[in-house]
Every structure is written in structure tokens, then in C-alpha cells.
């Protein structure tokens, strides 16, 4: 028996699909919409603003700023740790495993309403967010196995695109709601969180109803296939892939540079919105989370058309300049002390994130030989995790050093980030020229 929300969305799947696929799609939409209600609380832009403004005056400003940087690194660290779930779920039913991870995520999120506003509470906040993000990354890693089993290739991308878009929009809306409540009173936020988590339990029930097509055959193939490498052997795969494919190694180099500059921005935005502009929760969350997410959902189709007909190197040589444009506007916002320019930069960032989301999931296919797509993606994930760990800490270190020298700290940190982003964008232009036709036409046989 499907839930009422599942029945309401079931009609969106083409009627030609098998009944199990239509049921799965309905349940996936239900899961995405309801679970996103809770995920909004730990979204990087939201939780960074929450920590910066809620614990202001509780710990030293320097300690708080580095905590914001640590929260900005959580996604990257969680991606690295998520390989533990890949090993643990190998050869086991995926739906119960995902269900268990969902419950842990929700327990961590509801605990945010109970954590005291003390130095110890700030440490507990970091631990709860890290645990929740690590479990969520495990869910993200395991879901594609279910999707591949339940949906035909011809409709898989469109189905997952709709599911992802729904999730992004719900996170954006709930993030704004949390900002609105926090501007009124922390107690309103504390009362809201248990309600949000209770609603998110609908997603746990919907996921539990999922059935995986040909699951026995899938699990048998996993058990009889190659063993999954333990997490600590991941760097060996990275080195092997980069050695065997020099073009992909150069692509990863410029991805590292561009991504490093982009990731540096997140903690600086959360800090400068409070320290330089004095804005409260809602306005800060609009800039760091809501506006980019809404624009991202709207801009994905335009970038998809370009990526369909272009190699990812050509795509990045065009798309990367959106991050540069956003960085320029942020620098101007700090230099001119114009907060409205930060709203404009959030729109441009949303456009950039839309293209980045597509290239993140599909770009490595233009390089990988058949049968090695997983190794290439693992290389991308590992390097992304490394820069995601280092970049926020680097940006806050620069911020604090500039503040200690009496300089404009946000302007200095954003300026360094902008220079790095320009270098990354220029690197893709150079790589496209070096590859010639190889870097322009998509590899349809990959």
C-alpha cells in the first residue's frame, strides 16, 4: 500500500514503465521531499550561519570562525568517510541499510535543538553535524544502486533529475523558514526541529517500502564479484588512474584549483555577513543557501543542453567563468560595502552550481574507458574531499591573518579565492587548447 503523498506524485512517471518502477518513483519523490525537510538544518550554508550567529560571544571570535570553517569542511570529510558504508553494505540488501542511516541522520538533526549554547555545546554541534553528514553521504553513495535496478536507462536521468530538483527546492524553502524563526527566537527554532524531524520520518517509511528489482541476482553478483577495496587503499586507486590517463590528470589538476577557490568562499560568506554587514539569520541564509539553490534548480536544463553536445573540458572552459563572475561581485560587495551585491553574487553562484552539479556526476565519463567509470569517479570524489577539507581552513586562516594585520579581512580572503578561481578557469581554457578536438567533442563510447 502506497502512502497518500506517494499516490499524489505517482502520476508523474510515464505510464509505459513497469508497475514496480512507478511505485518506486512515487516513493522516491516522497522520500526526497520529506527527508529534505530535515536535511535543510545541516546544509552547509545554513549550519554555518547558525553556528556563527548562535554561538557569537560564547567562544572567542577566532575559535568561532575556525569552527565555521570546520563545518564548511564537513561534506568533504563525510565523502571520504562514506567509503566505509560501501564496504559495509557490499553483498547486503541496500534498502534496510539506507533506512538505518536515515534514522541516525534524523537523531543527529533533532539533537541540534537540545544542544546547549555553551563552548561544549559548540563541540557537540560539530560532532552531530559530522555524524549526520557522514551517514547522509552513505545514503547518497548507495542510492544509485537502487536507481539502476529499478529504472530503465531511458528514463533514469529524468527521474533522478526530478527527485534531485524537489530535494533542492525543499531544502531552500525550509532553510529560509529556519532563518525566519531564528530571527524571532532561538526557542522557536528549538520547537520547530522536532516537528521537522517527525515529518521526515515519513521518508523513512517510504524508503522502507521500496523494492529492488532482481535484488537476489544483484547481491549474488556483488558477493561473487571483486572485493571492495578498504577505505585506506583509496589513494592507490587515485594514483593508478592519474598515471594511466595524463589528460584526466590535468583535468583533475584544474578541477582541484577551481574547486579550491570556490570552496574557500562558503565560510567567509557566513562570517562576513555577520561581521561586516551585521545581517541576521534569514538574510544570511538567503545568500548562502536559498537563492543559490533555487537558481540552481532553474538553471540545470540550460547547462544540460551544453553538456549533451560538448566534452566536459569544453564545458568547464565555459562554465568555470561563472564562478569567477560570482567572485568578482563578492569582492566588489566587500570593497564597496554593498550587501545587495552579495544577493547578486548568490544568483550567479546558483547558475554556476547548476553546471557544476551536472559535470560532477557525468564529466568523468568523457575520460573513462568502459568498465573503469567507478575508478574515475572514485578519483574525483577523493580529490574533491581533499580540497574540501583544506579550502575552508585556508580561507579562514587568511581571514584571521588579515584581521590581525588590520586589513579588510573579507576582502583579502575573497580576493585570494578569486585569484585561485581565475587560475582554475584559465587552466581549463588551456587544457581545451592542448587537447584540441579531443577536448571539444563528447566521448560517446565511454
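The values are calculated or read from the model by the stated rules, or taken from the named source; none is laboratory data. Quick caveat, the model's predicted, so the values are computed rather than measured. Here the Cβ positions follow ideal geometry from the backbone for every residue, glycine too, while neighbour counts run over all protein chains shown.
Assorted remarks:
- Residue match in the stretch 211-234 (condition: over 23 Å from the mean Cα position of the chain (by Cα), surrounded by 15 or more Cβ atoms within 10 Å (Cβ to Cβ), under 30 Å from residue 22 (Cβ atoms) and at pLDDT 75 or above): yes
- Flag if residue 349 is surrounded by 24 or more Cβ atoms within 10 Å (Cβ to Cβ), within 16 Å of the chain's Cα centre (by Cα) and within 22 Å of residue 411 (Cα to Cα): yes
- Test: residue in the stretch 320-335 that is under 22 Å from the mean Cα position of the chain (by Cα), closer than 21 Å to residue 438 by Cβ and not assigned by TED's automatic domain parsing to the domain that holds residue 165: yes
- You will find that of 309, 316, the residue that is surrounded by 24 or more Cβ atoms within 10 Å (Cβ to Cβ), within 26 Å of residue 162 (Cα to Cα), touching a residue at least 24 places away in the same chain (Cβ under 8 Å) and not assigned by TED's automatic domain parsing to the domain that holds residue 166 is 316 and no other.
- Only one of the listed residues (123, 173) is assigned to a helix (DSSP H, G or I) and loosely packed, with under 15 Cβ neighbours inside 10 Å. That residue is 123.
- Yes/no for residue 415 being surrounded by fewer than 20 Cβ atoms within 10 Å (Cβ to Cβ), closer than 30 Å to residue 337 by Cα, over 26 Å from the mean Cα position of the chain (by Cα) and modelled with pLDDT of 90 or more: no
- Cross-chain or 6+ apart pairs with Cβ under 6 Å, the stretch 54-81 first and outside the structural domain of residue 183 (by TED's automatic domain parsing), then modelled with pLDDT of 85 or more and assigned to a helix (DSSP H, G or I): none
- Scanning the stretch 387-410 for residues that are buried (at least 19 other Cβ atoms within 10 Å of the Cβ) and either more than 15 Å from residue 68 (Cβ to Cβ) or touching a strand residue (DSSP E or B) at 6+ places or on another chain (Cβ under 6 Å) (or both) turns up just one, 387.
- For the stretch 303-313, a residue qualifies if it is within 15 Å of residue 248 (Cβ to Cβ) and part of a helix (DSSP H, G or I), and the qualifying residues are 312, 313.
- Residue within the stretch 142-165 that is within 30 Å of residue 57 (Cα to Cα) and part of a helix (DSSP H, G or I) present: no
- Residue identified as buried (at least 23 other Cβ atoms within 10 Å of the Cβ) and at pLDDT 85 or above among 69, 113, 100: 69
- Any chance residue 117 is under 23 Å from residue 275 (Cβ atoms) and outside any helix (DSSP H, G or I): yes
- Some residue of the stretch 344-357 being in a helix (DSSP H, G or I), out of contact with any helix residue (DSSP H, G or I) (no Cβ under 8 Å at 6 or more places or on another chain), in the same structural domain as residue 241 (by TED's automatic domain parsing) and modelled with pLDDT of 95 or more: no
- Candidates 188, 136: the one that is assigned by TED's automatic domain parsing to the domain that holds residue 30, in a helix (DSSP H, G or I) and more than 25 Å from residue 77 (Cβ to Cβ) is 188.
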